[in-house]
Amino acid sequence: MLNTEIPNPQKIEEAFNIIMNSKNQQIGKEADTYLRNLEQNYPYILISLFQIFENSQVYLNKFQALLLIKNVIVRNWVKFQMKDNLRIQNISEDLKNHVKDKILQFLGVVQDEKYKKEINLIISVIAKHDFPNKFQGLVNYFVQGLQTIIQSGSTNCALTYDLVCSLKVVQSSVIQNRNTAFRIQQVQFSQAIWNNLLLLWKNITQIQQQELQQNINNYSFVNNISKKLDRLLSLSIMSLNQEQDYQRKNTVSIHVVVGENSISPKKCPKTKVIVTKSKNFDSQCSIISGFSDYLLLLKLIIQNEWDDKRVLRTGLIGLVKTLKSLFFLREEQFYNKKLQEAKSEQVRQSIQLASQLFNSFFQENMQFLIEQLIKIASVPTDLSDEELIEQEEDLTIDDAKNEMQCPIFTICLICHDQLMLRFPELFIQKITQIMQQLINSNFNASQQILESFFAILGSIPKITTKLKVQPIQIQPILQYLIQKNTIQSQRRFAFLCRNYSNYFTDSELPQILEYARLLLSNSQDQIVQYQTLMCMKKIIICMGQNFDYRNSQFFEQIAPVIVKLLCNLQKSNILWPLLQLLENLIQKYSEINVNSMQILVKVIENSDIILLMKTKSQLLVGALCDMFFALFVSFPLGTNLSHLYQLALVLIDTNIDSKENNIFELLQFLIQEYDPASDNNSTGVLFNNLYTTHEKLFMEDTELNHMQTILRVIEELYLSNHIQLSPNIFNLLQEKLQIAQQIDCHDAALILKKSSISLLETIILKQYDSITVQYYQKIILFLIQELIKLSGGDQVDQMYYTIQYKNNILEILNRFILKDLSSMIQVLNSAQVSLDQYFTLWQETAQHIINRGNRKINVITQLLFLKYIQKPTFEKVSQFVLQEAFPEIDYDFELRSQEFRELQQQNKKKLANSKQTRLSKQFRNNFRKEILQEACLYDETFNFRSFFFQTIQVIKLIFYQECMKSSQLL
């Protein structure tokens, strides 16, 4: 359970100071660990943190306290734990009330902007679950605060702005809750603040108009309040879905649109309201009043030139969101469905009028909109190569918070996409006319216009494919670009060929591929190289079996270019396509060419691929790890991939000190994949050298996730004979088990224990002939106590890791029982565990053993152990033990068949080679270990029949003794 102590505020503040000021990394790490432990396990740290925020004289400490308060609340506010079948909240109701009271004390009092922002974020987390009914104090704050503002007339002040900001944050948070009862509460709260909220909006708009008439700066204080109110009004009606709410929704629509139109578009300081408005058209259907004016306002914004580009950006985003939100009007069936769903004639008429206004506006203005967007969508000239590539790779607006920072070029292309999605036939007709005009004039237009037009042409195929309509024929455009032969035209040629590759004929594809190859060999421009490679990638896919992978010169030419770009570029959405191309080429050439390794060696020698493996970029390292995972599983196990192993090990050796988990996981994966017979153990030597070089790092790493993977890595290295058993490994096991004992989190402790005990089991299996119970007595006692501790029937008892851990324990103990039964009985006696108690626990746990070798050993050891238990227990369990033995005896007989054994091996090989199995990481079966575990299946030393018949004799003897006692009594 979580600790209920209140941590010392002074110690917490000392930890803050150490983290911010200490140059000693170890001390800083310890302070961070201390705070992390408090955050995760001490919910009452909230009380201490509030004390720091209120009393500390250090600005950064106060800010850190707020950040930590937020983290604790996010982690624990709605979570609970089970104890004695009771749900116990991580944060008690009393502590929650204390938190709410403290937060309310800060509202309207704290002046620092950073503090206010964090306080609002804390409020949003709490409000999402508790507002309004469980946070009545905050309800009163908003209701009374709005009432005071209206009565006092103090509209344009900081207090008003803070209240509106907090209210907007709360509404944004609670609107995500879809629970019906919760939404009813929201509606009730909205009703309580509605009138005053509307009055405040009117007052703000009036002040705003006065400021405009007096030419007051557009960035005045009142405009900031206005922007928040615009969004708040929309949020306040989002939860309204009943017919009686229609008037309120329509009122908001009228106020927002008409209110905007009352201010000259050229001077409009708060045009972001258009975005807010357009977001809510679909859900509200409140578009009767002002919708025509709204569309006209969008046109005016796009038509005019603006010194403040935010106005233009807002108009474009408004256009995009209008097209998106009213997309249901495109398909007749969806449109009719909307009409049928309308709950009143008024709403039905609104939809019909919206459809009429919407269609007539865009049909009449399509030519204007396309041409104006081409004019506006200028490609930025101040961007790096990487930024220019990224701009056209990702035509999305991330979210509402960042939409106003989105490039105008990107928004224009998205707007074109939406126009085409909504009016495909009309759009293609108009864009074709524009293209024909350019051809007829021999492309007599500014470079900016041409660039914008080509960019729009490039985005068309994805829409035509989606809508299953024919695209534009761009061959004349390609001919022009080839003749022009500038860097800019080369970029556009590759870009357009890449996007239109699905529409080229079988005879055109090889021609374009050859021209792209020449382009790649002659150009040093990174954008030309990237777009050409992506073009080649698409064309190779389109050519399918017609592409000749036996032509190694093609691979040898483009691989160095891919590697060079990977070394120079850093953006993830650029790196991944390049790595995927490199991965696919390596895979395909290796599958088809007999001398694939020689080709790969040549590529490595002629490129900077080794330098690429020496990167320290965490983004690129992660991508390369993913590439190696995908590459190796594309080949059957046992394939000679020595040069791929060498590359991967250079990457690991370079980055292992970063202690990133993906590096450790890749190392574990490579060892599991490697077959020493494939290259006469040359790669095995490299594994040994890597371990020897970094042994200290392996031994000293205490990060939980790393420790688990490192233990598995050492186990794999030991299983494959790449390292020898050493005292360091035993010390490591002892240290990790001690750490696991100190971890409060049950699951995390169990996973670390399981990894440790799994390694111990491997050691015992490999050293079975020389192990003794006396040498391992301490660990045996520990395992017995662990088994007893986990037998309490807790809810976690059936978790995967618990079952696996208990299996590992039992499998180790069974081996010792088989090795020296009498000594094991002595150990049980010394631990004050009765043989009957142990056997009962043993039998309950053994039902989850899956491995056939371990099951055989388990049944044999139980048969041996039976004669040592008391008569009542014997009578209770003997029949069950014998029943468990019968199927194992049958399996033992089946294994004597050569055909059966070969079939078993084929099935195991097939399972081992499956990609899903090989990529399962933590859950991948250890086939080397299985060979050790199942050695007993083929060893006559472990003869089932002899153990079974010995047990039968024991049962007969017991039965005979009972009969003799009975006869004597008679």
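The values are calculated or read from the model by the stated rules, or taken from the named source; none is laboratory data. Treat the numbers as computed from the prediction; the structure is a model and nothing was measured. Methodologically, a virtual Cβ is constructed for each residue, glycine included, from the backbone with ideal geometry; neighbour enumeration extends over all protein chains shown. In case anyone asks, the SASA skips ligands and DNA or RNA and just uses the protein heavy atoms, side chains included. Shrake-Rupley method; radii C 1.70, N 1.55, O 1.52, S 1.80 Å.
Might you work out the accessible area of residue 693 for me, using a 1.4 Å probe with all protein chains in place, and round it to the nearest 10 Å²?
100 Å²
Need one word for region 418-521: rounded, prolate or oblate. Basis is the Cα gyration tensor (sqrt eigenvalues a ≥ b ≥ c); a/c below 1.5 gives rounded, then a/b vs b/c decides. Kindly include the intermediate steps, with their values, before the conclusion.
Values: a/c = 1.99, a/b = 1.23, b/c = 1.61.
Verdict is oblate for region 418-521.
Percent of accessible area on region 708-797 owned by carbon and sulfur, 1.4 Å probe?
49 percent
Using all Cα-Cα distances in region 650-694, what percent lands in each 10 angstrom bin from 0 up to the longest?
Reading the bins upward from 0: 26, 56, 17, 1.
Checking the cross-link filter: which lysines have an alpha carbon closer than 22 Å to that of residue 100, excluding same-chain neighbours under 8 positions apart?
Output for residue 100: 62, 70, 79, 114, 116, 117, 128, 134, 168.
List the extent of the Cα atoms of region 537-589 along each of their three principal axes, largest first, rounded to whole Å.
33, 20, 16
Can you classify region 705-821 as rounded, prolate or oblate using the Cα gyration tensor, where a ≥ b ≥ c are the square roots of its eigenvalues, rounded means a/c under 1.5, and otherwise it's prolate if a/b beats b/c and oblate if not?
Since a/c reaches 1.5 but b/c is at least a/b, the shape of region 705-821 is classed as oblate.
Region 43-185: percent of C-alpha pairs farther apart than 27 Å? Don't skip to the answer; put the middle values down first.
Working: 2506 of 10153 pairs.
Tail of the P(r) past 27 Å holds 25 percent of the pairs.
For region 613-675, I need the span (max minus min coordinate) of the C-alpha atoms along each principal axis, in Å, sorted largest to smallest.
30, 18, 16
For region 634-767, what value does the Rg/Rh ratio take when both radii are computed over Cα atoms and Rh is the Kirkwood radius, given to two decimals? Walk me through the numbers on the way to the answer.
Numbers: Rg = 14.9 Å, Rh = 15.4 Å.
So for region 634-767, dividing Rg by the Kirkwood Rh gives 0.97.
Please give the Cα centre distance for region 112-160 versus region 506-535, rounded to the nearest Å.
Each part reduced to its Cα centre gives a spacing of 59 Å.
Quick one: grab the alpha carbon gyration tensor of region 91-155, order the square roots of its eigenvalues as a ≥ b ≥ c, and give me rounded if a/c is under 1.5, else prolate or oblate depending on whether a/b is larger than b/c.
Oblate is the answer for region 91-155, as a/c is 1.5 or above yet b/c matches or exceeds a/b.
Quick one: grab Rg to one decimal and Dmax as a whole number for region 496-549, Cα atoms only, in Å.
Final numbers for Rg and Dmax: 10.7, 31 Å.
How many nm is it between the label spots at residue 75 and residue 27, if each spot is 7 Å from the Cα in line with the beta carbon?
2.4 nm
Want the number for residue 360 to residue 880: 0.36 nm per residue separation, take away the alpha-carbon distance, what's left?
Computed gain between residue 360 and residue 880 is 179.0 nm.
For residue 210 and residue 432, FRET efficiency with R0 = 51 Å and r from the beta-carbon atoms, rounded to 0.05?
The pair residue 432/residue 210 has a calculated efficiency of 0.50.
Using only the alpha carbons, work out the radius of gyration and Dmax of region 737-885 in angstrom.
14.9, 42
Set the Förster radius R0 to 60 Å, insert the Cβ-Cβ distance between residue 696 and residue 184 as r into 1/(1 + (r/R0)^6), and round the FRET efficiency to 0.05.
0.45
Taking 2.2 N^0.38 Å as the expected size of a compact globular protein, what ratio does the Cα radius of gyration of region 31-121 give against it, to two decimals? Walk me through the numbers on the way to the answer.
Working: Rg = 14.0 Å, N = 91, 2.2 N^0.38 = 12.2 Å.
Here the answer is 1.14, to two decimals.
What number comes out for accessible area per residue over region 1-41 if the probe is 1.4 Å? Units Å², please. Could the numbers behind the result be given before it?
Working: 2830 Å² over 41 residues.
That works out to 69 Å² per residue.
For the pairs 23/696; 736/766; 484/564; 227/338; 337/466, note any where the Cα-Cα span goes beyond 29 Å.
The answer is 227/338.
Just to make sure I understand: if all protein chains stay in place, what is the order of 549, 59, 838 by accessible area at 1.4 Å, largest first?
The residues order as 59, 549, 838, largest area first.
Please give the solvent-accessible surface of residue 297 in Å², to the nearest 10, using a probe radius of 1.4 Å with every protein chain present.
About 10 Å², rounded to the nearest 10.
Send over the Kirkwood Rh of region 722-788, from the inverse of the averaged 1/r over different Cα pairs, rounded to one decimal Å. Spell out each step's value before the answer.
Values: mean 1/r = 0.0777 Å⁻¹.
Taking the inverse mean of 1/r over all distinct Cα pairs, region 722-788 comes out at 12.9 Å.
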